[in-house]
1. Determine whether Pro290 is farther than 30 Å from Ser174 by Cβ and either surrounded by fewer than 12 Cβ atoms within 10 Å (Cβ to Cβ) or of a type outside the set (A, V, I, L, M) (or both).
2. Listed residues Gly25, Gly52; which is within 30 Å of Glu320 (Cα to Cα) and touching an Asp or Glu at 6+ places or on another chain (Cβ under 7 Å)?
3. Of these, Val239, Val212, which one is of a type in the set (A, V, I, L, M), in contact with a strand residue (DSSP E or B) (Cβ under 6 Å, 6 or more places away or on another chain) and touching a residue at least 60 places away in the same chain (Cβ under 8 Å)?
4. Any chance region 73-81 includes a residue that's touching a Lys or Arg at 6+ places or on another chain (Cβ under 9 Å), surrounded by fewer than 20 Cβ atoms within 10 Å (Cβ to Cβ) and over 27 Å from Gly131 (Cα atoms)?
5. Among the residues in region 320-330, are any small (Gly, Ala, Ser), outside any helix (DSSP H, G or I) and within 30 Å of Glu266 (Cβ to Cβ)?
6. Scan region 218-238 residue by residue and report those that are surrounded by fewer than 17 Cβ atoms within 10 Å (Cβ to Cβ) and out of contact with any helix residue (DSSP H, G or I) (no Cβ under 9 Å at 6 or more places or on another chain).
7. From the residues in region 239-267 that are crowded, with 19+ Cβ neighbours inside 10 Å and in contact with an Asp or Glu (Cβ under 7 Å, 6 or more places away or on another chain), which one is farthest from Gln344 (Cα to Cα)?
8. Looking at the structure I just gave you, is Val34 at negative phi, in contact (Cβ under 8 Å) with a residue 60 or more places away in the chain and not hydroxyl-bearing (Ser, Thr, Tyr)?
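The values are calculated or read from the model by the stated rules, or taken from the named source; none is laboratory data. On a predicted model such as this, the values are computed, not experimentally measured, just so you know. Because the Cβ atoms are built from the backbone with ideal geometry, glycine has one as well, and the counts that use them run over all protein chains shown.
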Amino acid sequence: MQTPRTRPPTFLEARGLRQQARTAGLHPDYWYAVEHSHALRRGQVQEVRFWGRSFALYRGQDGVVRALENRCAHRRLKLSHGEVQGCNLTCIYHGWTYAPDGTVISFAHELFGKPMPTFRIGSFPVRERYGLIWLFPGDPAVSATRGIPDIPELEGPRRWACVPISLRLRCHHSMLIENICDFTHAYLHRKTRPFIDAKLTRYEAQPERVVVEYDTLVGAGPIARLFVDRKRVRTDHMVLAYEYPYQWSNTGDRIKSWCFVLPEDESHCRAFFLFYFDALKIPFTSVPIPQWLLTYVLKVANRVLIGPILAEDAFAVEAEQEGWELHHDAPAAELNPAMVEFQQLTVRRWQEYLEAASRRSMVKAQVQP
């Protein structure tokens, strides 16, 4: 009879680097993509999650997106069940209305002779950039000095075309980051062939990122090879990086991408991908596709080319999550040395966050009467 498996460990219970990496969160003092801009219209509210925490994301009638702690101060209902009124958010239960700073400013019932109370919940910085909504779930004071990644190709009048695409995944965020940067999994893509014959040529661990380079043929699939202009771009080499907590890739300075992972909890994440190109041609010709037309081309490519490739990766990482939950205590095997550096970076930054949070809690406890 098979022995029942125990639950996976927590980060504090984890033994060894692999277990720690598979249980670590991501540091909240960064900007995280949480939704497509077009998915949240004026007057709409929805829930987004970051590492077990819930936020009510809403767009006011003025077009500005805001985020509040997703709980009413009264009976703890999620404010994402409520409704947007002007620039404010109203709880569906008793009609308590919250201003953008989280202060309760009105009630849909009497106050029983009491003066206007000063209830307040947390509010969080929000921005929009590159067609995505970004939330800063950490210390708001840090948000002003820590920016969203700059992507110059997506700025200005000569910006490259880009149509963001996203996935919801049942896996730990570290599994996805490693999947994107570990090209030893070409066998998984043996039909779509986004890259083939990958050989790791360099990897370097830096304080806030790990850079890897591969000699590999990019865009070798039956559809992609018709569009890639190999006369204008070198497609036999790729540079990738885990730029904590983000990921990017660069092929010949003409084919680039970013992946922004939103860690919802220990076993669920959402990933937002930006693929942008300056080296695509009209099939069976040498004529470049003009930038004004590329947006329409990329919308189709997301469905028929990029989407199926990402679906293969999604299947693999979700199966890896299932394997981790069943066999988390089994010995870990790894051949790619860069993946060890990825895991060390993830673990180190999470440990730094936990230690800082512990110090803040101690200081707070000391000042309380």
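1. Values: farther than 30 Å from Ser174 by Cβ: yes; either surrounded by fewer than 12 Cβ atoms within 10 Å (Cβ to Cβ) or of a type outside the set (A, V, I, L, M) (or both): yes.
Yes, satisfied.
2. Matching residue, one of Gly25, Gly52: Gly52.
3. Values: Val239 fails: touching a residue at least 60 places away in the same chain (Cβ under 8 Å).
None of the other options fit; the residue is Val212.
4. Taking region 73-81 first, the residues touching a Lys or Arg at 6+ places or on another chain (Cβ under 9 Å) are 73, 77-79.
Subset that is surrounded by fewer than 20 Cβ atoms within 10 Å (Cβ to Cβ): 73, 77-78.
Then keep just the ones that are over 27 Å from Gly131 (Cα atoms); that gives 73, 77.
Yes, there is a match, as at least one residue in region 73-81 is touching a Lys or Arg at 6+ places or on another chain (Cβ under 9 Å), surrounded by fewer than 20 Cβ atoms within 10 Å (Cβ to Cβ) and over 27 Å from Gly131 (Cα atoms).
5. Yes, there is a match, as at least one residue in region 320-330 is small (Gly, Ala, Ser), outside any helix (DSSP H, G or I) and within 30 Å of Glu266 (Cβ to Cβ).
6. If we filter region 218-238 for residues that are surrounded by fewer than 17 Cβ atoms within 10 Å (Cβ to Cβ), which is where we start, we get 222-223, 225-226, 230-232, 234, 236-237.
Of everything in region 218-238, those that are surrounded by fewer than 17 Cβ atoms within 10 Å (Cβ to Cβ) and out of contact with any helix residue (DSSP H, G or I) (no Cβ under 9 Å at 6 or more places or on another chain) turn out to be Pro222, Arg225, Leu226, Arg230, Lys231, Arg232, Arg234, Asp236, His237.
7. My answer is Arg254.
8. Numbers: at negative phi: yes; in contact (Cβ under 8 Å) with a residue 60 or more places away in the chain: yes; not hydroxyl-bearing (Ser, Thr, Tyr): yes.
Judged against the criteria, Val34 is a match.
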